[in-house]
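As structure tokens, the structure follows; a few thoughts come after it.
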Amino acid sequence: MYYAASGTVSGPARSGLPITLTGPLGTEMTTTNMSGDFSFDDLIDGDYTIVATSQPGVRITPNSISFTLADSNVEDLDFVSQESYTLSGMVSGDVMAGVLMTLGGDDDDVTLSGPDGFYQFEGLLPGSYTVEAWEPGYDMSPSMIPVTIVNDGVDGIDFMSMATSYVITASAGPNGIISPAGDTIVEYDGTVTY
């Protein structure tokens, strides 16, 4: 006996969205119709997971739904689409590329700045966020920036990097010798080794 699993994607973007089903017979894919409806037919009993894939400018929640087919159809496997936005900026100064950018607040994410210092977070819903930049051996100004997304993307969240500098002062002993002698190594945290 075969059964069906069906649901709807509601919200502003609902037509033509890819929906993937994984279960006992492998993986199948379909797309939503003009009303946001989707259905998988000819399914056997077993455990399944449906994934709705977010698209550029559209975030779908939840990302996936797991369910069990047992001698009957399953309906109301529903998702919600929402417009999503980007948050971007630049890292300039002494280091630009490869800076670790951390997003906190209503969503968490990490990315690295590109060769020109540009970074971007995608798929963000309206809410309150923070952005931090970090690279060993460099101070960032500002250290953290709060950002609110309402109904549009936000850009210009910029950081300035400055190489961390230390001042080392050594005093000679009574006979004019600095002890111990040798190379001086300054670690990122300011630890000095002679």
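The values are calculated or read from the model by the stated rules, or taken from the named source; none is laboratory data. The model shown is predicted, which means the values in this text are computed figures rather than measured ones. Please note: Cβ atoms are built from the backbone with ideal geometry, for glycine as well, and neighbour counts cover all protein chains shown. Just so you know, the surface numbers come from the protein's heavy atoms only, side chains and all, with ligands and any DNA or RNA stripped out. Shrake-Rupley method; radii C 1.70, N 1.55, O 1.52, S 1.80 Å.
Structure notes:
- Scanning region 82-92 for residues that are of a type in the set (G, A, S) and under 15 Å from I145 (Cβ atoms) yields S88, G89, S92.
- Selection from region 153-173 of residues that are modelled with pLDDT of 70 or more and either farther than 19 Å from W134 by Cβ or not β-branched (V, I, T) (or both): G153, V154, D155, G156, D158, F159, M160, S161, M162, A163, S165
- Residue ranges of strands (runs of 3 or more DSSP E) in region 6-72 with at least 2 members touching a residue at least 40 places away in the same chain (Cβ under 8 Å) and farther than 27 Å from F121 by Cα: 37-43, 64-69
- Criterion (open to solvent by less than 60 Å² (accessible area, probe 1.4 Å), at pLDDT below 95 and more than 24 Å from the chain's Cα centre (by Cα)) met by exactly one of G16, G7: G16
- Some residue of region 121-137 being under 30 Å from Q55 (Cα atoms), open to solvent by 40 Å² or more (accessible area, probe 1.4 Å), at pLDDT 95 or above and in a loop (DSSP other than H, G, I, E, B): no
- Residues within region 77-113 that are open to solvent by 70 Å² or more (accessible area, probe 1.4 Å), part of a loop (DSSP other than H, G, I, E, B) and out of contact with any strand residue (DSSP E or B) (no Cβ under 6 Å at 6 or more places or on another chain), tallied: 2
- Output for region 26-57, where each listed residue is closer than 13 Å to A5 by Cβ, open to solvent by 50 Å² or more (accessible area, probe 1.4 Å) and among the small types (G, A, S): S39
- Tally of residues being in contact with an Asp or Glu (Cβ under 6 Å, 6 or more places away or on another chain) and among the hydroxyl-bearing types (S, T, Y) across region 1-53: 3
- Residue count for region 138-149, restricted to those that are without any contact (Cβ under 8 Å) to a residue 60 or more places away in the chain and open to solvent by less than 50 Å² (accessible area, probe 1.4 Å): 2
- The number of residues in region 150-163 being of a type in the set (V, I, T), part of a loop (DSSP other than H, G, I, E, B) and open to solvent by less than 40 Å² (accessible area, probe 1.4 Å) comes to 1.
- Candidates are the residues of region 138-162 that are hydroxyl-bearing (S, T, Y) and touching a strand residue (DSSP E or B) at 6+ places or on another chain (Cβ under 6 Å); the one that is nearest to T53 (Cα to Cα) is T148.
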